[in-house]
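Comments concern the structure below.
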Amino acid sequence: MFYNCADHPDQFVYKLMTATITPRPIAWVTTRSADGVVNAAPYSFFNMMGHEPPTVALGLLRDPDKGLKDTAENISATGEFVVNLVARGMAEAMNVTAINAPRGVSEVDLAGLETAPSTLIAPPRLAEAPVSFECRLLSAVMTGPKQMIAIGRVVAIHIADRFMLDAGRGHVDTPALDLIARMHGSGWYKAGGAMFQMDRPVYAPERDG
Ligand SMILES: Cc1cc2nc3c(=O)[nH]c(=O)nc-3n(C[C@H](O)[C@H](O)[C@H](O)COP(=O)(O)O)c2cc1C
């Protein structure tokens, strides 16, 4: 099947992309409004974008009621956010924070979540998250009316001690994090699943050429 995106409504193209670009890691983003209200919401248009400097990106869609989502509004206003990763045991609380609450209502309170102070930035992290990245906004790219990509520089990383195999070497027990990922359609997620390992090839002229 071939689709020219120009011939189809945006919502149709959204379905094709979100049904195929899977699994997507989930950034459970905490921010603070200019008034100090702590906000939390999940974002699966998310990934690591580099390490020199360490960068992450978030795709923040237009909100039909509010225009910019609270997360986008707060990041634009304060330049700071925390990306918390979601373990399977936190999935339901994560889902609660996707509620379409009006601006000024803290989803952190609605979901009964505990926060812990960040070290270098003002928005707190989620205390139960296995991993949290403290981020400062490097660049906000408006990709459409009220649709924004936030590129953040990671300034600090928290990983719960129980997941460190060798803290000095930076070795993490990744499977033990038990992170969930977003799949297709409405409400499908991935947890666990098969893994396989492959060594990356190295070009050797005498052997390959
Ligand atoms: C698992 C999951 C992933 C989501 N990913 C995104 C995303 O990448 N971009 C987006 O704009 N909304 C995404 N949403 C919807 C937002 O979480 C939702 O609109 C939320 O109310 C935004 O909250 P805020 O206005 O407090 O930022 C996602 C929802 C869920 C449940």
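The values are calculated or read from the model by the stated rules, or taken from the named source; none is laboratory data. Since the structure is predicted, the reported quantities are computational estimates derived from the model, not experimental observations. Reconstructed Cβ throughout: ideal geometry from the backbone, glycine too, with neighbour counts over all protein chains shown.
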When restricted to V86, V82, the only residue over 22 Å from S186 (Cα atoms) and surrounded by 16 or more Cβ atoms within 10 Å (Cβ to Cβ) is V82
Criterion first (surrounded by fewer than 20 Cβ atoms within 10 Å (Cβ to Cβ) and in a loop (DSSP other than H, G, I, E, B)) does T119 satisfy it?
yes
The lone condition S44 fails out of (1) buried (at least 16 other Cβ atoms within 10 Å of the Cβ); (2) more than 7 Å from the ligand (Cβ to nearest atom) is (2)
Taking segment 92-105 and keeping only residues that are surrounded by 11 or more Cβ atoms within 10 Å (Cβ to Cβ) and more than 9 Å from the ligand (Cβ to nearest atom), one is left with A93, V96
Among the residues of segment 144-175, the number that are without any contact (Cβ under 8 Å) to a residue 12 or more places away in the chain and either over 25 Å from M195 (Cα atoms) or touching a helix residue (DSSP H, G or I) at 6+ places or on another chain (Cβ under 7 Å) (or both) is 2
Per the filter on segment 185-202, residues closer than 19 Å to V86 by Cβ and in a loop (DSSP other than H, G, I, E, B) are G185, S186, G187, W188, G192, G193, M195
(Q) Regarding segment 94-111, can at least one residue be identified that is within 20 Å of R125 (Cβ to Cβ), in a loop (DSSP other than H, G, I, E, B) and touching a Ser or Thr at 6+ places or on another chain (Cβ under 6 Å)? (A) yes
Selection over segment 1-58 where residues are of a type in the set (A, V, I, L, M) and part of a loop (DSSP other than H, G, I, E, B) yields a count of 5
Those residues of segment 47-67 which are modelled with pLDDT under 95 and near the ligand (Cβ under 8 Å from one of its atoms) amount to D63, K66
Flagged in segment 28-37 as more than 8 Å from the ligand (Cβ to nearest atom), aliphatic (A, V, I, L, M) and under 16 Å from R136 (Cα atoms), in numbering order, are A34
Checked segment 82-91 for anything within 10 Å of the ligand (Cβ to nearest atom) and not β-branched (V, I, T); matches are A91
